Number of protein chains: 2
Amino acid sequence: MNDSTLAPVFAHIEDNRERFIARLMDYVRHPSISAQNIGIRPVAALLKGHLHSLGMTVETIETPGHPMVFGQLGDDPARPTILLYGHYDVQPPEPLEAWISPPFEPTIRDGRIYARGVADNKGQHFAQLLAIESLLAVHGGIPCNVKILLEGEEEVGSPNIAAVVRQHADKLRADLVVTADGPMHPSGQGTILYGVRGVASFELRARTAKRDAHSGNFGGVMPNAVWQLVHLLATMKAPDGQITIDGLTDDVLPLSAMERAAMARLPLDLTAVMEEMGMTALDAPAERGYFERLMAHPTLTINGFHGGYGGAGSKTVLPAEAVVKCDIRLVEAMEPDAVFAAVEAHVARHAPDVQVVRQGAMAPSKTPMETPVAAVLRSAVAVSRGGQVLEIPSMGGSLPDYVFTKILGVPAFVVPYGNADEANHAPNENLTIDCFMGGIRTGAAILSGLGAWRS
Amino acid sequence: MNDSTLAPVFAHIEDNRERFIARLMDYVRHPSISAQNIGIRPVAALLKGHLHSLGMTVETIETPGHPMVFGQLGDDPARPTILLYGHYDVQPPEPLEAWISPPFEPTIRDGRIYARGVADNKGQHFAQLLAIESLLAVHGGIPCNVKILLEGEEEVGSPNIAAVVRQHADKLRADLVVTADGPMHPSGQGTILYGVRGVASFELRARTAKRDAHSGNFGGVMPNAVWQLVHLLATMKAPDGQITIDGLTDDVLPLSAMERAAMARLPLDLTAVMEEMGMTALDAPAERGYFERLMAHPTLTINGFHGGYGGAGSKTVLPAEAVVKCDIRLVEAMEPDAVFAAVEAHVARHAPDVQVVRQGAMAPSKTPMETPVAAVLRSAVAVSRGGQVLEIPSMGGSLPDYVFTKILGVPAFVVPYGNADEANHAPNENLTIDCFMGGIRTGAAILSGLGAWRS
């Protein structure tokens, strides 16, 4: 990266602050609610117009659901290529009465733009587009090849992203994938995320008779579906917190030294977290560090357990039927199919009558911190944000990053541009103007830095 | 008992068949629905009239709920005294559309009277009154003292019976208590029941944080309320079916030799029971006999387990809150307070954060089969029904018989007059005319036999 190249770009961005804000507000005024199929194609068309105006070749990638928009600028094999990923669909705005200003009438209050989708994800990928525009305006070109893929169904679980990446692997090929999504740390420090946990959801269904029975007439005689699941679950995770499903953790890769070091540098106010959640203790096992729990280990969470009577008072019923919903968060290099197979084998061994129903799954994703191109992002975030860069080896939640790291085989990074209190998925979603402007600068710095890389 | 005394009484009963049926139909035409407070006092007044017409001294025993009706005939200290117990309240008739004939328009079809309350319990205690009337008609007197207590809130759980028995112990004192309630065996064999299991209901409530969390962001960090209860429950009953709450079974009395012998004589078509319920196995422990499960052992039944997500599909939530409802069926001589204390001590040891909420409880009751006056019932049932008498040491369910055996200190027996398919609490409740007539005969034979006893 060259400061003399980037400084005039940053100046240009600052000079255009009011126009950029106004253009973002124009963009988020258009609803594009994937779950309700509202406004999707008009916003896709609008986006194609934006990409065209940047000189990109533009294409709509149809899916069985909502279309994706793909754009490309530059095709020089001597230059590195970046794939920017984002999504133009937004969450439903309900409950409407909880919004201070209407969700699709963007409003500025106290240095923040309030609108549905302004942070998740329109403001963030729009910052990428303005970064490209600013580099073009100042230098007349981008020093790397840029591809951009904007999905229209991220908020409904990206049901088609894997198939699209598989089918269009050649078109999407790049040296790295960068996603600007989610919030930065509350401190406002620039953040780079290298990985996500995967997830495998399933149900355990027990049925011990045709119908519920009276606990007096059948207590001791009829097997109880709730007890059956309680005893099965007790074989799957011990009270000390260790998951005891045979073979489940065979594929777990330990954190690297670099990841452990980065984890140790992450700020944490544990007292504040626990107070905020009203927790008096951390989950077992007690000896694990906070981030180690989220990054280094799979979890077996019971999402719900329902069987028998749940109303007021007591009812002397013996339930014939019960259902448990679980998710397992996967760490690198666990694979959903192997995880499901391990669960099924365990249940077949311990409670053969219990039915296992596979639900959604997503592989974990991890880009090694040692990956050379990561240095470009570290410098770009540092120069555009100032201060220390927060590097997160893996987050606890799940995103379909595996489609880039595993299907496409390309290092993938999440570089969030949003503020920590962006209120994603909630009423009064917002993006601070500082974060928005910082995002444009970071986008420009990444493209500029990538141009200098290997060149 | 003297056949020459009883034969003309049985003849009188048979001669009055049509009139007795018509009078029962008149009685059940009057609704007396305790849960809905419909018709209670009018039916209590009607009953008082019946008792008066038998020459009884009659009294209303007021309670904080619905009144009880008490009657007494004879006060000769040289004669034995019987207390007959029954209840004049009935279950709500809903769903009305499921009745073939309206619930309070008694109708005879195929040898059965259909009406709400005809079996549970109006037809059964009305048979007792007709037995008294028949003995009076034929012999001009009853050879024992008769007391009768008819409750108005049995169908809402008899909330005041214990207090009434405690308060009126002298008035209610008797040599034995006989309750005609419930069904006989499907074979139609006359049945004597010597005991019931007790019950102690409670909730286990877990809360691990102020609110539910995302299983990705907090999985491995925040304790899961459902897991907390699963692990606690797993310490309370082993997969082999043994209850593992310390001290819980200390007070259990083993069955006597006479009880074991009676249990061994009980007919059982296990295949039919299992097919009817759609069960493929009996509950653990496998080695216990069918009736031993219901009579000789306490049970720990989970009535309901509810926590977290229960809707369609999956939801990656980590529940902060969960509730389990349980009941423990108690066998002689377990006491509810000691049972609750054992549960609380166990939970305090294994999961001190979990709250135990005591709910309803009822002590078990057992009258030893060796009790001398039981011989009167055996003969009476045999002579009035014919065939073998079925003697049940204890039934699996719970009734407040302990108020007679433990508060009043009197041997108590249930001698059911109903048919096995009486449809108690359900639409199309019915009593076969054969069962009704047999009940009158049994009632007369008991009173007649008791007169001869010790005399």
**OP:** Within the range A:422-432, track down each residue that is surrounded by fewer than 20 Cβ atoms within 10 Å (Cβ to Cβ) and more than 19 Å from the chain's Cα centre (by Cα).
**Re:** A:Pro427, A:Asn428
Subject >> Members of the range B:362-382 found to be of a type in the set (A, V, I, L, M, F, W, C) and either surrounded by 22 or more Cβ atoms within 10 Å (Cβ to Cβ) or assigned to a loop (DSSP other than H, G, I, E, B) (or both), listed by number >> reply: B:Met362, B:Ala363, B:Met369, B:Val373, B:Val376, B:Leu377, B:Ala380, B:Val381
**OP:** Pull up the range B:300-318, narrow it to residues that are under 18 Å from A:Asp212 (Cα atoms) and of a type in the set (A, V, I, L, M), then point me to the one that is farthest from the chain's Cα centre (by Cα).
**Re:** B:Ile302
Original post:
Which one of A:Glu344, A:Glu321 is acidic (Asp, Glu), within 30 Å of the chain's Cα centre (by Cα) and surrounded by fewer than 23 Cβ atoms within 10 Å (Cβ to Cβ)?
Top reply: A:Glu344
Original post:
Restricting to the range B:322-342, what's the tally of residues that are more than 14 Å from chain A (Cβ to nearest Cβ), in contact (Cβ under 8 Å) with a residue 60 or more places away in the chain and farther than 23 Å from B:Phe404 by Cα?
Top reply: 1
Original post:
Can you tell me which residues in the range B:351-361 are modelled with pLDDT of 95 or more and either crowded, with 19+ Cβ neighbours inside 10 Å or more than 9 Å from every other protein chain (Cβ to nearest Cβ) (or both)?
Top reply: B:Ala351, B:Pro352, B:Val354, B:Gln355, B:Val356, B:Val357, B:Arg358
Original post:
Of B:Val343, B:Val381, which residue is over 25 Å from B:Lys171 (Cβ atoms) and assigned by TED's automatic domain parsing to the domain that holds B:His168?
Top reply: B:Val381
**OP:** Return a yes/no flag: does the range A:129-151 have any residue that is more than 23 Å from A:Met437 (Cβ to Cβ) and among the charged types (D, E, K, R).
**Re:** yes
Original post:
Is at least one residue of the range B:109-118 basic (Lys, Arg) and either within 24 Å of B:Asp401 (Cβ to Cβ) or touching a Leu at 6+ places or on another chain (Cβ under 9 Å) (or both)?
Top reply: yes
Original post:
In the range B:158-189, what count of residues is obtained for those that are modelled with pLDDT of 95 or more, under 20 Å from B:Asp120 (Cβ atoms) and among the small types (Gly, Ala, Ser)?
Top reply: 1
Original post:
So which of A:Leu150, A:Leu129 ends up being crowded, with 24+ Cβ neighbours inside 10 Å and part of a helix (DSSP H, G or I)?
Top reply: A:Leu129
Original post:
So which strands (runs of 3 or more DSSP E) stay within the range A:43-113 end to end and still have 2 or more residues that are in contact with a strand residue (DSSP E or B) (Cβ under 6 Å, 6 or more places away or on another chain) and aliphatic (A, V, I, L, M)?
Top reply: A:57-61, A:68-73, A:81-87
Original post:
In the range B:387-394, is there at least one residue being of a type in the set (Asp, Glu), within 27 Å of B:Gly157 (Cα to Cα), buried (at least 18 other Cβ atoms within 10 Å of the Cβ) and within 14 Å of chain A (Cβ to nearest Cβ)?
Top reply: no
Subject >> Criterion (in the same structural domain as A:Ala174 (by TED's automatic domain parsing), closer than 25 Å to A:Ala22 by Cα and modelled with pLDDT under 95) met by exactly one of A:Ala44, A:Ala98 >> reply: A:Ala98
**OP:** Select from the range B:300-321 the residues that are facing chain A (nearest Cβ under 7 Å) and assigned to a strand (DSSP E or B) and list them in ascending order.
**Re:** B:Thr301, B:Ile302, B:Asn303, B:Gly304, B:Phe305, B:His306, B:Gly307, B:Gly308, B:Val317, B:Leu318
Subject >> Condition met for B:Ala45 (without any contact (Cβ under 8 Å) to a residue 40 or more places away in the chain and over 24 Å from B:Val414 (Cα atoms)) >> reply: yes
Original post:
In the range A:276-299, which residues are more than 7 Å from chain B (Cβ to nearest Cβ) and within 22 Å of the chain's Cα centre (by Cα)?
Top reply: A:Phe291, A:Glu292, A:Met295, A:Ala296, A:Pro298
Original post:
Going by the structure shown, is A:Ala452 surrounded by fewer than 19 Cβ atoms within 10 Å (Cβ to Cβ), aliphatic (A, V, I, L, M) and over 30 Å from B:Lys315 (Cα atoms)?
Top reply: yes
Original post:
Mind checking which residues of the range B:81-123 are aliphatic (A, V, I, L, M) and surrounded by fewer than 16 Cβ atoms within 10 Å (Cβ to Cβ)?
Top reply: B:Leu96, B:Ala98, B:Ile100, B:Ile108
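The values are calculated or read from the model by the stated rules, or taken from the named source; none is laboratory data. Bear in mind that the values here come from a model prediction, so they are computed numbers and not experimental data. Neighbour counts are summed over all protein chains in view; Cβ atoms, including those assigned to glycine, are modelled from backbone coordinates with ideal geometry.
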